[in-house]
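Report on one structure; see the data block that follows.
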Amino acid sequence: MVYQVEGSRQVEEYGGDAPAGFSCTCAAGSRWESPARCLRCSSSEQLAADGGACVPRRCQKDAAGRVACRKCPADYIAVTQNWDGSPQREVQCVKCARGYRAQRHACVRCDACACARNHVPVRGSCVPKAFLTSRPKYEEKMLTANELLDVVKFEYLCTLGDVRACRSLANLCVRNSYTADRGGPCRLWTQPAHVPRPAGNNHCFHVIVMRDR
């Protein structure tokens, strides 16, 4: 027999196993007080991450006497417990670092978040959207999706003067039999004049490409 406690209401159910013969769960926003009782946090409190306490939120009254409580912005997490596990005196909003996003009570790694505006993540590197939209469509269908993403990444990094990226791209070009596809891995060598290059890198790019031809 399983007992489920929702707020202050106890519901008897059949089925399931528990070490003590029964188990209890609290409704969302309620904290555990005893095996047969849960207490709901007030509107000015937030349930701690471990579900063991109701932590006060920063609230204030407006001219009409209505209470408004602060909510953490989308890129912040609500910290409800101290390092030792004890509840905070007040809910703290902490901004996630660059490259991380808020997910429940933690900041988790996010590749897309590490890229600047107007850039998108491509196989671990940030590539400008304009560079992607300017590329011709790949038509041959010989490359896998991941290989094509590698081509885009290496091509962009090569225009920045990255020698390793240029060599990796050259290897893909050779493996694809020096394809003439306008969206393929040989684009820097077959149509270098049509590949956009960041200002200040033209000389370095030209030397690398001409050396590898």
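Every number here is computed from the coordinates shown, using simple stated rules; none is lab data. Predicted, not measured: the structure shown is a model, and the values here were computed from it. Here Cβ is always computed from backbone atoms with ideal geometry, including for glycine, and neighbour counts include all displayed protein chains.
Give, as ranges by residue number, the residues of region 38-61 whose backbone N falls under 19 Å from the point 7 Å along Cα→Cβ of R70.
Zone members listed by number: 42-49, 54-61.
Give the order of Y138, Y76, Y156 when sorted by the count of other beta carbons within 10 angstrom, beginning with the fewest.
If I rank by nearby Cβ atoms, fewest first, I get Y76, Y138, Y156.
Going by how many other Cβ atoms sit within 10 Å of their own, how do L148, L172, L39 line up, fewest first?
Lowest count first: L39, L148, L172.
Taking the number of other C-beta atoms within 10 Å as the exposure measure, put D111, D84 in order starting with the fewest.
Placing the least packed residue first, the sequence is D84, D111.
Which order, highest average first, do 123-129, 50-56 follow once you tally other Cβ atoms within 10 Å for each residue and take the mean per peptide?
Per-residue mean Cβ counts within 10 Å order the peptides as 50-56, 123-129.
Extension gain A27-S134, at 0.36 nm per residue separation less the Cα-Cα distance, in nm?
33.3 nm
Would you mind calculating the gained length between A116 and K141 on full extension (0.36 nm times residue separation, minus the Cα-Cα distance), in nm to one decimal? Display every interim value, and only then the final one.
Details: separation 25, 0.36 × 25 = 9.00 nm, distance 3.07 nm.
Length gained, A116 through K141: 5.9 nm.
Want the number for D84 to Y178: 0.36 nm per residue separation, take away the alpha-carbon distance, what's left?
Taking 0.36 nm per residue and subtracting the Cα distance, the gain is 27.7 nm.
Could you order the peptides 42-49, 185-192, 115-122 from most to least packed, using the average number of other C-beta atoms within 10 Å per residue?
Answer by packing, highest mean first, reads 185-192, 42-49, 115-122.
State whether region 45-114 is rounded, prolate or oblate according to the following rule on the C-alpha gyration tensor (a ≥ b ≥ c being the square roots of its eigenvalues): a/c under 1.5 gives rounded; otherwise a/b larger than b/c gives prolate, and the remaining case gives oblate.
Judged from the Cα gyration tensor, region 45-114 comes out oblate (a/c at least 1.5, b/c at or above a/b).
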